[in-house]
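First comes the structure, then the notes that go with it.
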Amino acid sequence: LLQHHGGAQVDIYEKLPVPFGLVRFGVAPDHPEVKNVTNTFTQTARSERCAYYGNVTVGRDLTVAELQQAYHAVVLSYGAEGSRVLGIPGEQLSGVHSARAFVGWYNGLPENQQLKPDLSCETALILGHGNVALDIARILLSPVQLLRKTDITAGSLAALACSKVKRVWLVGRRGPLQVAFTIKELREMINLPGTRPVLSPADFTGLENAVKDAPRPRKRLTELMIKTALEKPGEKSGEMQAAAPREWGLKFQRSPQEVLPSADGTRVRGVRMALTRLEGSGDSARAIPTGDVEELECGLVLSSIGYRSLPLDPAVPFDAQRGVIPNSSGRVEGVPGLYCSGWVKRGPTGVIITTMNDSFDTAQSVLEDLQVGTLDVSTPREGFGAVESILHSRGVRPVSFSDWEKIDAAEVARGRAAGKPREKIVDPQEMLQLIGH
């Protein structure tokens, strides 16, 4: 918007004092290169036509209607704050967590700092075959000295240093041809020091033929799984791997039916799975229960079956079934001047580049509406001027981008002292004290 419209003034509202959302709280700590996108964000935020207002929760501190009165256009891009639930008995037992909460815990998301996952068991079970599932497996099994050099939080690093987890199973309802993770993440997992992959050759029988005509990424991914499954100990660094103290594996065609409680009924002791068969092929294959079941013992269950957007404000249309704001090219249906972008626009899939392209698409819609006059800018709107008094009357003090830069400098300084890129501050109150709020 700033690039293509010389007169545009863009204000960004964020619930937390700190910016960057999923880049800060979703990207794995051992993937620092992925976080470089914050440099582009920072450049944008420093433009004199852009302002950042952190520590403001839209839907609580401020309604969408109030924003619409203050601005010509309002874009909602608040992502997916919830998790899809399994909807099975025992899901509420101690030791069962959503992937979102677990990732938030080790990445310093304030709302997840009280999680205290029990890492005293030997076997953890992750439900899901996506990149987030692999991220979690990697963090659970990584040698602590590797994590020490990352921006993982001090609290989770301490917990992982005492962890007894040495075996992680990643379980999916469908087969090897339907996994959603990418080859980069799989390769990292296969090469993780002190850890060996356990893939059953039987799961991959006949797949070489099945992927002959598959798109190249799917083909290469499947070939790497087959190669890993067939590699005998003693091959490659197999000697080392055979003696590896930790292991991980992929289990296919299993659908969770029930989380099984311990004898005293308080904690998880395992998961009962329905074995499935596949109907159809490729990405559209469906998992149908065969009637057979099996039980897997574990002391920790992490459900990585997808994120879910939540409604923000009663004034905004929301499709609860699909978990998105109904829209066409980012224009919210039936509400002129209201737009959406990102996961709340098209569902929780894709990586940073997908979401960037998606936001360019929404920005294009805003620019088109300006051009053809659908967005009426003939009467001036006050923007933050109008919002400031509302926030003040409600006792809300926004955090500016230069405030964030003070928090950032403090985190980097604390990190330097510990030999890390940064030590994240996990308590919003501490962030606000630091900037004198």
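Suppose the filter is open to solvent by less than 50 Å² (accessible area, probe 1.4 Å), of a type in the set (G, A, S), at negative phi and not in a strand (DSSP E or B); does A51 pass it?
No, not satisfied.
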ask   = Looking only at residues in segment 244-266 that are touching a Leu at 6+ places or on another chain (Cβ under 6 Å) and over 30 Å from V211 (Cα atoms), which one is least open to solvent (accessible area, probe 1.4 Å)?
value = V259
ask   = Looking at G234, is it out of contact with any Gly (no Cβ under 9 Å at 6 or more places or on another chain), open to solvent by less than 20 Å² (accessible area, probe 1.4 Å) and either modelled with pLDDT under 95 or not assigned by the TED database to the domain that holds G87 (or both)?
value = no
task = Report yes if some residue within segment 378-385 is of a type in the set (S, T, N, Q), in a helix (DSSP H, G or I) and open to solvent by 40 Å² or more (accessible area, probe 1.4 Å); otherwise report no.
result = no
inquiry  = I want to confirm something. Restricting to segment 79-118 and keeping residues that are part of a loop (DSSP other than H, G, I, E, B) and in contact with a helix residue (DSSP H, G or I) (Cβ under 6 Å, 6 or more places away or on another chain), which single residue is most open to solvent (accessible area, probe 1.4 Å)?
reply    = L115
inquiry  = Please determine whether any residue of segment 163-183 is free of Cβ contacts under 8 Å to residues at least 40 places away in the same chain, in the same structural domain as M273 (by the TED database) and over 23 Å from the mean Cα position of the chain (by Cα).
reply    = no
task = Need at least 2 residues that are open to solvent by less than 20 Å² (accessible area, probe 1.4 Å) and in the same structural domain as R173 (by the TED database) per element, so show me which strands (runs of 3 or more DSSP E) inside segment 281-367 make the cut, counting only ones lying wholly within it.
result = 300-303
message = Suppose we filter S77, S94, S98 for residues that are over 27 Å from I183 (Cα atoms) and not assigned by the TED database to the domain that holds S329; which single one remains?
response = S94
task = Give segment 158-202 a look and list any residue that's assigned to a helix (DSSP H, G or I), closer than 19 Å to S255 by Cβ and in contact with a helix residue (DSSP H, G or I) (Cβ under 6 Å, 6 or more places away or on another chain), or say none.
result = P176
ask   = Do we find that I425 is at pLDDT below 95, under 26 Å from the mean Cα position of the chain (by Cα) and either in the same structural domain as K15 (by the TED database) or not acidic (D, E) (or both) in this structure?
value = no
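Residues checked against (1) in contact with a Pro (Cβ under 6 Å, 6 or more places away or on another chain); (2) open to solvent by 20 Å² or more (accessible area, probe 1.4 Å); (3) on the phi > 0 side of the Ramachandran plot; (4) small (G, A, S):
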| residue | (1), (2), (3), (4) |
| --- | --- |
| I126 | no, no, no, no |
| L134 | no, no, no, no |
| L146 | no, yes, no, no |
| A159 | no, yes, no, yes |
| C162 | no, yes, no, no |
| R174 | no, yes, no, no |
message = Looking at the structure I just gave you, is E382 under 16 Å from L67 (Cβ atoms), of a type outside the set (S, T, N, Q) and either out of contact with any Cys (no Cβ under 6 Å at 6 or more places or on another chain) or at pLDDT 95 or above (or both)?
response = yes
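The values are calculated or read from the model by the stated rules, or taken from the named source; none is laboratory data. Note that this is a predicted model, so its numbers are computed, not measured. Backbone-built Cβ (ideal geometry, glycine too); neighbour counts: all protein chains shown. Heads up: the accessible areas ignore ligands, DNA and RNA and are worked out on the full protein's heavy atoms, side chains in. Shrake-Rupley method; radii C 1.70, N 1.55, O 1.52, S 1.80 Å.
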